[in-house]
Structure formats: C-alpha cells, structure tokens
Amino acid sequence: MADNPANGGAHGQAGEQAELAPSLNALAQYAKDFSFENPNAPRSLAPQNQGPQINIQVNVNAKQLGETDFEVDLKLEGDAKVGNDVLFAFDLTYSGVFRARNIPQEQLHPVIMIECPRLLFPFARQIIADAVRNGGFPPLYIDPIDFVALYRQKAAEMQGQGAAGAPTA
C-alpha cells in the first residue's frame, strides 16, 4: 500500500518537516530614499588629472513589523572627490520586508542583520551604478560587502560601550 499523507504516511511527515524547517523569505524590496548629486557639473565631467577619492559608508538597521516579519534597511552613502571638489555624491536607503520562520531565537538577530542585507545588496549596488553612469561618470560598482565582518564589528563596538542587548549594525 502506498504512503498516504492523509493517514500519516511518509509524505505527511515530509510536509510537517518542511513547515518546521527554518526559512527566510523576501516579501518586498524597495528604494525607500535615494538622492544623487552632481553639484559641479558640467565642470566635474571634464577629464581629471587624477582619479577620484571614493568614500562609501554602509549601515544596516532592522525593525520588527510582526511576529515573523522584519523591515531591513541597507543604507549606502558615498561620494567621489578630487581634492576638495565633489564630483558626485549619493545616499540610498534600500529596504526589504522579510519573513523569518522557525529560526532559533539566538540565531534570529544575525540572520536578520547579515542575510537580509546580503540579499538586498546586489539591487542597491545596481541602483548606484546606474545613477553614477546617468550622472555622466563611469558606473560605480561597489565591491561586495562582508556583512558578517560588519555585524561582528558592530557587536564589538556595542560590547566596548557596555551596551546591553543585541547589537544593531
């Protein structure tokens, strides 16, 4: 006789195990806030004698929306300068809503603060590359970000400050 999920056969157990398996799903992704500035155009578009100094800052924030749902913000800020002259500047908050199920409580914070921004990053990177290109410059492809190292760095900073609770990146 074949296994029947209705009477507790093997397929029924597999379905129950799948429901209990840890999962992380992206429910939505969106540009929450974005600006690009080319303050010295068209002068800044002229050939430069030297390459620009590029500065980029990364920040990750999360807030819980429901029992299993979280909004995660990946904030990328940066600029390119030659000397004191700004060629371009950008500020992007790219966000997503994620559903985390059956993840042990002690692993939930790292999953939200590492895996969620890791999933958002390629899309944010492309928005910035396109904006820089549309501003008249070669596209800026930001190097991949080590979100594990960023998380550990923030955790160490929080411990150094003597803050209680989980770190926020």
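Read-outs throughout are calculated quantities, based only on the coordinates presented, and are distinct from any laboratory measurement. Everything numeric in this text was worked out from a predicted model, so none of it was measured. Neighbour counts run over all protein chains shown; Cβ positions are idealised from the backbone, glycine included.
Apply the a/c threshold of 1.5 to the C-alpha gyration tensor of the range 74-166 and tell me whether it is rounded, prolate or oblate. Oblate, because a/c is 1.5 or more while a/b does not exceed b/c. Listed by chain and number, the lysines placed with their C-alpha closer than 20 angstrom to that of Lys63 are Lys32, Lys75, Lys154; residues fewer than eight positions away on the same chain are left out.
Based on the alpha-carbon gyration tensor of the range 13-169 and its eigenvalue square roots a ≥ b ≥ c, which shape applies: rounded if a/c is under 1.5, prolate if not and a/b is larger than b/c, or oblate? Here the range 13-169 falls in the prolate category. Electrostatic tally near Arg101: other residues with Cβ closer than 13 Å to its Cβ, Lys and Arg +1, Asp and Glu -1, net -2.
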